[in-house]
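Everything below concerns the one structure shown next.
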Amino acid sequence: MEIAHNRDKRRVTMITSGNEQDCYGIVIDAGSSGSRLHVFRWTDPATIDVTQHDIQELHSVPKIEQSKDWTFKANPGLSSFEHKTNKAFSDHVHPLLKEAEKIVPHDKLSSTPVFIQATAGMRLLPKKKREEILKDLCIKIKKSTKFKMDDCDTQIQIIDGETEGIYGWLGLNYLLGNFNNFNDYEKSHFTMGFMDMGGASAQIAFVPSDKEEITKYKYEIPTVYLRSLNGDIQEWDVFVSTWLGFGANQARKRYLAQLINALPENTNNYDDDDFTTRTLSDPCMPKGSKTDFEFKDTKFKIAGLGNFEQCSKSIYPLLLKNLPCQEERCLFNGVHIPKIDFLKDKFVGISEFWYTPNDVFNLGGEYSFIKFSSKVEEFCNTDWKTIEQNNKDGKYNSIPESYLKDACFKSNWIINILHEGFELPQEDRSRLDTSKGIYDYPMFQSLDKVVEIDLSWTLGRILLYASGMVPTVGSNARVGIAPSSRSAKDDNKVFIPGLIGDGFMVSNTSAGFLKFLLILILIGFVIYVFVGRKVSHIPFNSSSIGKIVAHIRYKISELKSKYENCRSSNDISDLEAGQFGSSRFRELKESAFMLKSKSMFNLNTKKQNPALPLEDSDDTIGRPLSQGVQSSQSSANMRAAFSMADFSKFQNQ
């Protein structure tokens, strides 16, 4: 196994002690190609003297720090241990934690939680293999390290794309300072919408600016709770949805499969002529380029035509806008979402929204349809030999040729997703308003960093934990993510607590033990109260013993009945507490891998003022986020970590 990190190649010694007020947390993004470990640090909110801080800071979430030297990566991914599950910890996670031990002071290890959030490849493993890997990690982290591992069900998970999207939205808006200087009395608070396109999925997460849309979709919208340093709760309504099969790589495979399936020989009623044609022309590849593609165990040769207009028309059907819309306002693939007002709802796109526009066309950042589509058309209509020479000359940042062959398709796919899918206007009319405020942000921009800090959804997970550590004021809500009514009912979504074991949150194993212990206590109590005080006055014979046993059974039955009635009347609390049913580890439904996606989380929002961090940021409004937005985080760099499922039904050769 290879471990890579960003630190200089110098001898590093373990830190024996640290600042007494410092807290540390570790999040491991266990993706398909590898795992990234991130170390975070913040000041313990319970030690903060509120009299020594200004009002704006007290109305903000805890300040989280991460250095570019605090990120480590291990290859290959956790899912590669499918056939050696007992080695997942020793050969993969343990080496990462050993690196983290050099960052976290020795006296802080036992209070430093480790969160392992598996995505991508782990979602595709058989259930038994997933359970074996998670169990191996749970047992051995407790046994072989000093890190805080109190509840494996909440700390070691396979998260779905929806949860990943929520964490991404949290991370983005934290870096933009949108959780700072929060005032609960204001009717609305600006946040930036979040778009992500990975290899297999596309996602969107945003708070609709139209409050009527939030009310209309309330059944679909979960709630995110954060806590400011003064103890006030920030409540956010965030709509989140994911489209499996609509990531750039998976869309490319669906597109090539579409070319094959469209041949007459493959659509008639006869099987003996299927796949007779093995060479196809692709308008979405540069003219003169060639590649191989495997579909249903059959290999095909693909030859590029290089036709921008034909490529755009061929891609459109992949959006599946023809699917029936069961509820009002579907965008594509039959998924309905609240109306997006791009004059007020501003978006940032990451991953594939950034890679191809930036690496091939140097157009990352503020998006312009005219500029981007013009560059894409020019590239798609250029012959392959010219593109190869341009790449040698450094015009395309010397990216691999295999990426350049797909660049025409991916660029057209981005255009289709943005304008035909999400219905982004081709002209950014919001930029015509010269007034200060949210209208000065472009409707859409792509980025990989915010103020030189790489965006990682792991930041969103640790933000929930750090925010949950803030002392409560009165009986305000717990920090975490509450599922929407629909997802709780239909998909068995549960409350995701910020803190470990927050409220009634316990693992099922622990719950079983506590129930057993409770029964023992009840039996002892009944014997003492109803039997013990009278036993000396009862003759000790078979008849009296029978009466005593019957009396005990009656009392236990009575108490059990009361307990069950009380428990059944508190189902909502149990759900919010994160009870998971019979499984020890949280499992994903097999339907999660269907191409037709369901609407995802939608979170509750009482937001704050427009992107206002601890420092005044008026002078940054309207600039690209990657250049001038202040952040509540330190200037230390962060590693990007957005891993999406890598479907392997079709294989590129």
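The values are calculated or read from the model by the stated rules, or taken from the named source; none is laboratory data. All figures in this text were calculated on a predicted structure; none of them were measured in a lab. We place every Cβ from the backbone using ideal geometry, glycine too, and count neighbours over all the protein chains shown.
Screening Asn86 against (1) closer than 30 Å to Val207 by Cα; (2) in a helix (DSSP H, G or I) leaves a single unmet condition, (1). Whether any residue in the stretch 259-277 is modelled with pLDDT of 90 or more and either among the small types (Gly, Ala, Ser) or surrounded by fewer than 18 Cβ atoms within 10 Å (Cβ to Cβ) (or both) is what I want to check. No, the conditions are met nowhere in the stretch 259-277.
The listed residues are Glu309, Glu401, and the only one of them that is within 29 Å of Arg278 (Cβ to Cβ), of a type outside the set (Ser, Thr, Tyr), at pLDDT below 95 and not assigned by TED's automatic domain parsing to the domain that holds Phe194 turns out to be Glu401.
Here are Phe332, Phe342: which of them is surrounded by 14 or more Cβ atoms within 10 Å (Cβ to Cβ) and within 22 Å of Ser201 (Cβ to Cβ)?
Values: Phe342 fails: within 22 Å of Ser201 (Cβ to Cβ).
The match here is Phe332.
Is it true that Lys129 is surrounded by fewer than 21 Cβ atoms within 10 Å (Cβ to Cβ), in a helix (DSSP H, G or I) and either in the same structural domain as Cys23 (by TED's automatic domain parsing) or on the phi > 0 side of the Ramachandran plot (or both)?
Details: surrounded by fewer than 21 Cβ atoms within 10 Å (Cβ to Cβ): yes; in a helix (DSSP H, G or I): yes; either in the same structural domain as Cys23 (by TED's automatic domain parsing) or on the phi > 0 side of the Ramachandran plot (or both): yes.
Yes.
Residues that are touching a Gly at 6+ places or on another chain (Cβ under 6 Å), loosely packed, with under 14 Cβ neighbours inside 10 Å and not in a helix (DSSP H, G or I) are absent from the stretch 20-39.
Among the residues of the stretch 388-401, those that are in a helix (DSSP H, G or I) and touching a residue at least 12 places away in the same chain (Cβ under 8 Å) comprise Glu388, Asn391, Glu401.
Among the residues here, Asp440 does not qualify as modelled with pLDDT under 85, surrounded by 14 or more Cβ atoms within 10 Å (Cβ to Cβ), assigned by TED's automatic domain parsing to the domain that holds Asp49 and charged (D, E, K, R). Would you mind stating whether Tyr225 is assigned to a helix (DSSP H, G or I), hydroxyl-bearing (Ser, Thr, Tyr) and buried (at least 17 other Cβ atoms within 10 Å of the Cβ)? Answer is no for this residue.
Among the residues making up the stretch 358-368, those that are in a helix (DSSP H, G or I) and among the hydrophobic types (A, V, I, L, M, F, W, C) are Val360, Phe361.
Leu343 falls short on exactly one of the conditions (1) within 26 Å of the chain's Cα centre (by Cα); (2) farther than 20 Å from Pro283 by Cα; (3) not assigned by TED's automatic domain parsing to the domain that holds Cys284, and that condition is (1).
Out of the residues in the stretch 345-368 that are among the charged types (D, E, K, R) and out of contact with any helix residue (DSSP H, G or I) (no Cβ under 7 Å at 6 or more places or on another chain), state the one that is surrounded by the fewest Cβ atoms within 10 Å (Cβ to Cβ). Please lay out each step first, then the result.
First, the residues of the stretch 345-368 that are among the charged types (D, E, K, R): 345-346, 352, 359, 366.
Cutting the leftovers down to out of contact with any helix residue (DSSP H, G or I) (no Cβ under 7 Å at 6 or more places or on another chain) gives us 345, 359, 366.
Working: Asp345: 22, Asp359: 17, Glu366: 21.
Per the stated criteria, the residue is Asp359.
Scan the stretch 459-483 for residues that are under 18 Å from the mean Cα position of the chain (by Cα) and not in a helix (DSSP H, G or I) and the total you get is 5.
Can you give me the number of residues within the stretch 74-85 that are surrounded by fewer than 21 Cβ atoms within 10 Å (Cβ to Cβ) and in contact with a Lys or Arg (Cβ under 9 Å, 6 or more places away or on another chain)?
Taking the stretch 74-85 as the starting set, the residues that turn out to be surrounded by fewer than 21 Cβ atoms within 10 Å (Cβ to Cβ) are 75-76, 80, 82-85.
Pick out the ones that are also in contact with a Lys or Arg (Cβ under 9 Å, 6 or more places away or on another chain) and you get 82-83, 85.
Residues that pass the stated criteria total 3.
Flag: Gly231 does not match the condition of being surrounded by fewer than 23 Cβ atoms within 10 Å (Cβ to Cβ), assigned by TED's automatic domain parsing to the domain that holds Gln56 and modelled with pLDDT under 90.
Scanning the stretch 41-56 for residues that are farther than 20 Å from Val450 by Cβ, under 28 Å from the mean Cα position of the chain (by Cα), buried (at least 17 other Cβ atoms within 10 Å of the Cβ) and not hydroxyl-bearing (Ser, Thr, Tyr) returns a single hit, Pro45. Quick one: what pairs do we get from the stretch 160-181, first residue closer than 13 Å to Thr119 by Cα, second surrounded by fewer than 24 Cβ atoms within 10 Å (Cβ to Cβ) and basic (Lys, Arg), C-beta under 8 Å, 6+ apart or different chains? The qualifying pairs are Asp160/Arg123. If you check Lys385, Lys371, Lys375 for being among the basic types (Lys, Arg) and either surrounded by 16 or more Cβ atoms within 10 Å (Cβ to Cβ) or part of a loop (DSSP other than H, G, I, E, B) (or both), only one passes: Lys375. When you look at Leu58, is it in contact with a Leu (Cβ under 6 Å, 6 or more places away or on another chain) and within 18 Å of Pro105 (Cβ to Cβ), yes or no? Against the criterion (in contact with a Leu (Cβ under 6 Å, 6 or more places away or on another chain) and within 18 Å of Pro105 (Cβ to Cβ)), Leu58 does not qualify.
Return yes or no: is Lys346 touching a strand residue (DSSP E or B) at 6+ places or on another chain (Cβ under 9 Å) and either basic (Lys, Arg) or in contact (Cβ under 8 Å) with a residue 24 or more places away in the chain (or both)? Spell out how you get there, then give the answer.
Values: touching a strand residue (DSSP E or B) at 6+ places or on another chain (Cβ under 9 Å): yes; either basic (Lys, Arg) or in contact (Cβ under 8 Å) with a residue 24 or more places away in the chain (or both): yes.
Spelling it out, Lys346 is indeed touching a strand residue (DSSP E or B) at 6+ places or on another chain (Cβ under 9 Å) and either basic (Lys, Arg) or in contact (Cβ under 8 Å) with a residue 24 or more places away in the chain (or both).
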